[in-house]
1. Considering only region 31-97, give the strands (runs of 3 or more DSSP E) lying wholly within it that have at least 3 residues that are surrounded by 19 or more Cβ atoms within 10 Å (Cβ to Cβ).
2. How many residues does region 251-283 contain that are assigned to a helix (DSSP H, G or I) and over 18 Å from the mean Cα position of the chain (by Cα)?
3. Residue check, Ile537 against (1) buried (at least 18 other Cβ atoms within 10 Å of the Cβ); (2) under 30 Å from Ser258 (Cα atoms), all met but one. Which one?
4. Could you tell me which of the residues Ser542, Ser512 is without any contact (Cβ under 8 Å) to a residue 12 or more places away in the chain, surrounded by 12 or more Cβ atoms within 10 Å (Cβ to Cβ) and in a loop (DSSP other than H, G, I, E, B)?
5. Just to check your reading of the model, which residue among Thr36, Thr92, Thr97, Thr80 is without any contact (Cβ under 8 Å) to a residue 60 or more places away in the chain and among the hydroxyl-bearing types (Ser, Thr, Tyr)?
6. Under 6 Å between Cβ atoms, which residue pairs at least 6 apart in sequence (or on different chains) link something in region 231-255 that is in contact (Cβ under 8 Å) with a residue 60 or more places away in the chain and of a type in the set (Val, Ile, Thr) with a partner that is part of a loop (DSSP other than H, G, I, E, B) and surrounded by 15 or more Cβ atoms within 10 Å (Cβ to Cβ)?
7. Please specify each residue of region 428-454 satisfying the condition of being in a strand (DSSP E or B) and either surrounded by fewer than 19 Cβ atoms within 10 Å (Cβ to Cβ) or of a type in the set (Val, Ile, Thr) (or both).
Amino acid sequence: MTQLLTPVDALLHWTQEHPERVYLRQPIAGEFQERTWAMVADETARIAAGLQAQGLERGDKVAILAKNSAEWFIIDLAITMAGCVSVPIYSTANADTVRYILEHSESKLIVVGKLDNPDAQAKGIPEGIARMAMPYPTIESEHQWSDWLKQYEPLAEPAQWQEQDIMTLIYTSGSTGEPKGAEVSFGAYRAGSLGWMEVFQPTKEDRAISYLPLAHITERVLLQGVSLYNGGVVVSFVESLDTFADNLQSVQPTMFLSVPRLWARFQQAVFEKLPPKKLHFLLKVPVIGGLIRKKIRTNLGLHHARLLGCGSAPVAPALLEWYRDKLGLNIAQAWGMTENMAYGTVNLPYRADKYDTIGKASPGVELKISDEGELLMRSEAMMTGYYKHPELNDEFFSDGWMHTGDKGSIDADGYVKIIGRVKESFKTTKGKYVAPVPIEQKLAENSMVEQVCVCGQALTQPIALVVLADELHHHSQEQIVNSLTRTVKEVNSQIESHARIAHVLVVDQQWSIENGLLTPTLKIRRPQIEKHYDALIHQQHSQLVDFERDDNWGR
């Protein structure tokens, strides 16, 4: 595939090789509508012709604001085919973020699709930017997808590109400050996609489901890029959040990548039907244990999965251990960033003894630890730089090495552990630094804990803010206090005295993208969380486990 530079080159190649093979499956009203490679190529060429008909010139930016769908793949390909640069925006972005990205990127047109809050987000689209709507209820637009398919003949001559040309601007999720646009070249995108192909070894029998945001580099490379350059993986989509479980069960993917929060929710769903102690007992019973294990995997939609992955945010090793030991599901951790095409490390081929690492360097990736303990990397799959921010590039790149911002360690076998972010460590009034991530991972081993943030700047001892899993509302306050108390005492016995947790504060509100406490990739936003709970953090607490409001737990 090295001769195929762009995703459009790959699309046209596979359309020649097997035009009638199914590529994309979009559920509509509960039924999957299938598109073959030939159908995808035809639709792409017609939409590309529509883009050119709007007077867009080579290099103009076209934004995409939509949830994942077959049309998302197609518009992304059409933008490249038409000679433009795509600018994806998270479907959950608020109006201010939408406006910032559109203005910063100087986008000339925005394509809108499935959205949860179209009316609110529409306020972020400046006047003068044309709108085109995918065939779903969405933001009011002057151009319609279905009209373009009828109105325009397929574009005869796709735009030609060089390796160094910019294919897309991927705006980082902005855990600190405004989002930054990473310039992704065609060469870097192809390198990341081919690298993951070498790791995954996909075949024509593989099935994947696209639900992680395509505006993020992970889904864009690991699923979209791999499926395009490989030409064999069939990609299905999710109709809505309500149908996610049914869609997943229907597809029964062979390749499934997710984030820690969703793996934890899957576990909670299992516990809702079979409490941990009962499940543990039944799984040990010969024959019955095997049947239960198979039924759980099937109900999750993962019985045929040959490849399972977890990334995007720190995960509690105990959660991965539970899946491996109880369900026989080996979840490989992986690590990457927007700036390196999400292509860095992975625990594949899977090694059970390295389950608590993020794996080792992927093919073609070099890693090292700086004198300051920062993980540095380099490969062909790296961004060109930050759009309109050349001053940041000198900080980010040094002698060809990329500064990841992650503190890490590399063992004798080359496997990597992330200790935390370089800038996340805080100093207590005792004058000693505390790295919060390892402590958070230990606390999250309690299945009651869905979200956790350890903080302690200017405090005598660190404290932990905790959001409990939704499924716990039938538990009494006493049960919750006893469980969290045991966990805190166990964690404190394993860490140095200055880092021990003084209090766990159970907060009422779920942290979400919508309330600004999570990034679109579900990482916690520490500065925002600490600011939001500043008064609570600095209150006097006499109990080891305390609640933001006790009256929420009178059950």
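1. 61-65, 85-89
2. Of all residues in region 251-283, those assigned to a helix (DSSP H, G or I) come to 251, 260-273, 276-283.
Checking which are over 18 Å from the mean Cα position of the chain (by Cα) leaves us with 251, 267-273, 276-283.
Residues flagged as assigned to a helix (DSSP H, G or I) and over 18 Å from the mean Cα position of the chain (by Cα) within region 251-283 amount to 16.
3. (2)
4. Values: Ser542 fails: surrounded by 12 or more Cβ atoms within 10 Å (Cβ to Cβ).
From the options Ser542, Ser512, the qualifying one is Ser512.
5. On the way: Thr92 fails: without any contact (Cβ under 8 Å) to a residue 60 or more places away in the chain; Thr97 fails: without any contact (Cβ under 8 Å) to a residue 60 or more places away in the chain; Thr80 fails: without any contact (Cβ under 8 Å) to a residue 60 or more places away in the chain.
Of Thr36, Thr92, Thr97, Thr80, the one residue that is without any contact (Cβ under 8 Å) to a residue 60 or more places away in the chain and among the hydroxyl-bearing types (Ser, Thr, Tyr) is Thr36.
6. Listed by first residue and then by second, the contacts come to Val238/Tyr211.
7. First, the residues of region 428-454 that are in a strand (DSSP E or B): 433-434, 449-454.
Answer for region 428-454, where residues must be in a strand (DSSP E or B) and either surrounded by fewer than 19 Cβ atoms within 10 Å (Cβ to Cβ) or of a type in the set (Val, Ile, Thr) (or both): Tyr433, Val434, Val449, Val452, Val454.
Rundown of residues vs (1) free of Cβ contacts under 8 Å to residues at least 60 places away in the same chain; (2) under 30 Å from Val285 (Cβ atoms); (3) buried (at least 21 other Cβ atoms within 10 Å of the Cβ), yes/no style:
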| position | (1), (2), (3) |
| --- | --- |
| Pro317 | no, yes, no |
| Asp325 | yes, yes, no |
| Thr345 | no, no, yes |
| Pro349 | yes, no, no |
| Asp353 | yes, yes, no |
| Ser409 | yes, no, no |
| Gly414 | yes, no, no |
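The values are calculated or read from the model by the stated rules, or taken from the named source; none is laboratory data. From a predicted model like this one, the values you see are computed outputs, not experimental measurements. Positions of Cβ are generated from backbone atoms using ideal geometry, with glycine treated the same way; all protein chains shown enter the neighbour counts.
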